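First up is the structure itself, then whatever we jot down about it.
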Amino acid sequence: MSTINRVPVYVHWNVLLVPTALIVAMAVTALPASAPGHPTSVYWAAAMLVGVLFVVSLVAHELAHAVAARRQHIQAKDVTLSCFGGTIRFATDTRTPRAEFVISVAGPAANVALGLLSAVVAVVVDMVGAPNIEAVAFAWLAIVNVLLAVLNLLPGAEMDGGQMLMALLWRVTGDRRRAAAAAVRVGRVSGAVLVLASLTMFVATGSYTGLWLLLSGLLIISQSHDRHRASAGK
Ligand SMILES: [Zn+2]
């Protein structure tokens, strides 16, 4: 275990699964396809750079939550990095819907900012005439960060999107418990809709493009289920 800014950071063994898959996919197919003509070692070096910066992006996402929370006078208890990204726990609950929304939106906002920064780096690298592969690597980092933001904005109850939805419902109803319960229901229904849509797409077209929808739907449902169990256990 290590600490960042006095917040303990735990790392699950499976944290390397996604970066490793990303590095192999980039080195073997994505980079050679979009920037042909380089030695294999160059592809692996560029893919490793993207893999390392991907992990940095995951940490930046959780740090953004922690910094936003501290501004709302809420201390982060710990951060766990795993294959789904990260989870941050806080010492106390938020007291206002606004604080809840600001803390939840900070993580995806960090990924959008890093995505934009990576896109700018890709364009500048391309303009100064550096090897094409470096521009392509940063373009992929931009895409990966935008995907991270989108994935975290899905409305699963334990996900940032679900917490933002809960904050909005809390603001409207003035009742935190009811808002949390409603956010869980929305998470389950939207997860089920995504699963049905992806299965329909697979049956109708026979293509696997709906696989991401299926995985996203299952992720939302599992996250919503966890929150329900946690609140039912109290
Ligand atoms: Zn987050």
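Read-outs throughout are calculated quantities, based only on the coordinates presented, and are distinct from any laboratory measurement. On a predicted model such as this, the values are computed, not experimentally measured, just so you know. Please note: Cβ atoms are built from the backbone with ideal geometry, for glycine as well, and neighbour counts cover all protein chains shown.
As a calculated quantity, the FRET efficiency between Lys77 and Thr205 at R0 = 41 Å, using C-beta atoms, amounts to about 0.35. Between Val67 and Ser2, the simple spin-label model (points 7 angstrom out along Cα→Cβ) gives 1.8 nm. Compared with the alpha-carbon gap, the fully stretched path from Arg185 to Met127 is longer by 16.0 nm at 0.36 nm per residue. Packing, as the average of other Cβ atoms within 10 Å across residues, places the peptides 95-103, 162-170 in the order 162-170, 95-103, highest first.
Consider a paramagnetic label point 7 Å from the Cα of Thr40 along Cα→Cβ; state which residues of the range 6-30 have an amide N under 17 Å from it. Residues passing the 17 Å test: 23-30.
The value of relative contact order for the chain, using C-alpha pairs under 8 Å at least six residues apart, is 16 percent.
Taking the average, over residues, of other Cβ atoms within 10 Å as the packing measure, peptides 138-149, 72-83 rank 138-149, 72-83 from highest down. Annotation: the range 52-111 has a Kirkwood hydrodynamic radius of 11.5 angstrom, from the mean reciprocal C-alpha pair distance. Taking only the Cα atoms of the range 1-153, the radius of gyration and Dmax are 17.2, 57 Å.
When DSSP assigns beta bridges and you keep just the ones with both residues in the chain, what percent turn out antiparallel, to the nearest 5? About 75 percent, rounded to the nearest 5. Based on DSSP H segments of at least four residues, each scored -39500 (n - 2.57), the chain has a per-residue ellipticity at 222 nm of -24000 deg cm²/dmol. Peptides 123-132, 187-196 ranked from most to least packed by the mean count of surrounding Cβ atoms within 10 Å: 187-196, 123-132.
Dipole of the range 1-153 computed with +1 at Lys/Arg Cβ and -1 at Asp/Glu Cβ about the Cα centre; of Ala33, Ala76, Val112, farthest Cα towards the positive end is Ala76.
Taking N as the residue count of the range 69-208, its C-alpha radius of gyration divided by 2.2 N^0.38 Å amounts to 1.31.
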